[in-house]
Amino acid sequence: MDKNEINEFINYRISKADEVYAAAIILYDAEQWNSAINRLYYACFYIASALLLKRGVGAKSHAGVIAKFSECVVRSGEVTADEYRVYSKLLNWRTKGDYSDMFDFTKEDVDDVLLPTRHFIDKVKTLF
């Protein structure tokens, strides 16, 4: 990819973070807790992967993105461990919600991560 293509991809990922966060709000209002968790996770994933790409850091999997983000952004103090925790929690929850049978998140679960996810997205945006 050339520099223009990379920038287009970065901008696309930033836009996707906001789009899927908005979808999570719609799903919240519809009381679709597992789907809301899924969208909140992807909002974090998109913004984190965009920042890594901007910095030329590659990752080949979801676990790779979160690990590289922790290594490059959290360890440097640009995002605090508390701010990062929502992304880490959502990775685990998304897997549980998507792949575990007979399991459902609750409104309270989503309430716990809704605003911290918005904060995470907004904080990461300041690093561009």
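The values are calculated or read from the model by the stated rules, or taken from the named source; none is laboratory data. Note that the structure is predicted; figures quoted are calculated from it, not measured. With ideal geometry, Cβ positions are generated from the backbone for all residues, glycine too; neighbour counts draw on all protein chains shown.
The conditions are (1) in contact (Cβ under 8 Å) with a residue 40 or more places away in the chain; (2) crowded, with 17+ Cβ neighbours inside 10 Å; (3) not charged (D, E, K, R), and Phe9 fails exactly one of them. Which is it?
(2)
Would you call Phe45 aromatic (Phe, Trp, Tyr) and more than 23 Å from Ala23 (Cα to Cα)?
In short, no.
Which of the numbered conditions does Ser15 fail, given that it passes all the others? Conditions: (1) closer than 18 Å to Asp104 by Cα; (2) assigned to a helix (DSSP H, G or I).
Going through the list (1) closer than 18 Å to Asp104 by Cα; (2) assigned to a helix (DSSP H, G or I), Ser15 breaks only (1).
Just to check your reading of the model, which residue among Tyr21, Tyr84 is buried (at least 17 other Cβ atoms within 10 Å of the Cβ) and either touching a strand residue (DSSP E or B) at 6+ places or on another chain (Cβ under 7 Å) or within 28 Å of Met1 (Cα to Cα) (or both)?
Only one candidate passes the filter, namely Tyr21.
Test Ser88 against the criterion of being modelled with pLDDT of 95 or more, farther than 24 Å from Ala22 by Cβ, part of a helix (DSSP H, G or I) and within 14 Å of the chain's Cα centre (by Cα), and give yes or no.
no
Output the residues belonging to the stretch 87-123 that are of a type in the set (Phe, Trp, Tyr) and either buried (at least 18 other Cβ atoms within 10 Å of the Cβ) or in contact with a helix residue (DSSP H, G or I) (Cβ under 8 Å, 6 or more places away or on another chain) (or both).
Once the filter is applied, which keeps residues that are of a type in the set (Phe, Trp, Tyr) and either buried (at least 18 other Cβ atoms within 10 Å of the Cβ) or in contact with a helix residue (DSSP H, G or I) (Cβ under 8 Å, 6 or more places away or on another chain) (or both), the stretch 87-123 yields Tyr87, Trp93, Phe103, Phe105, Phe120.
If I filter the stretch 93-128 down to residues being of a type in the set (S, T, N, Q) and modelled with pLDDT of 95 or more, which single residue comes out as farthest from Glu31 (Cα to Cα)?
Within the stretch 93-128, the match that is farthest from Glu31 (Cα to Cα) is Thr126.
Sort out which residues of the stretch 31-69 are in a helix (DSSP H, G or I), farther than 21 Å from Asp109 by Cα, under 14 Å from the mean Cα position of the chain (by Cα) and of a type outside the set (A, V, I, L, M), and write them in order of number.
Tyr46, Ser49, His62, Gly64, Lys68, Phe69
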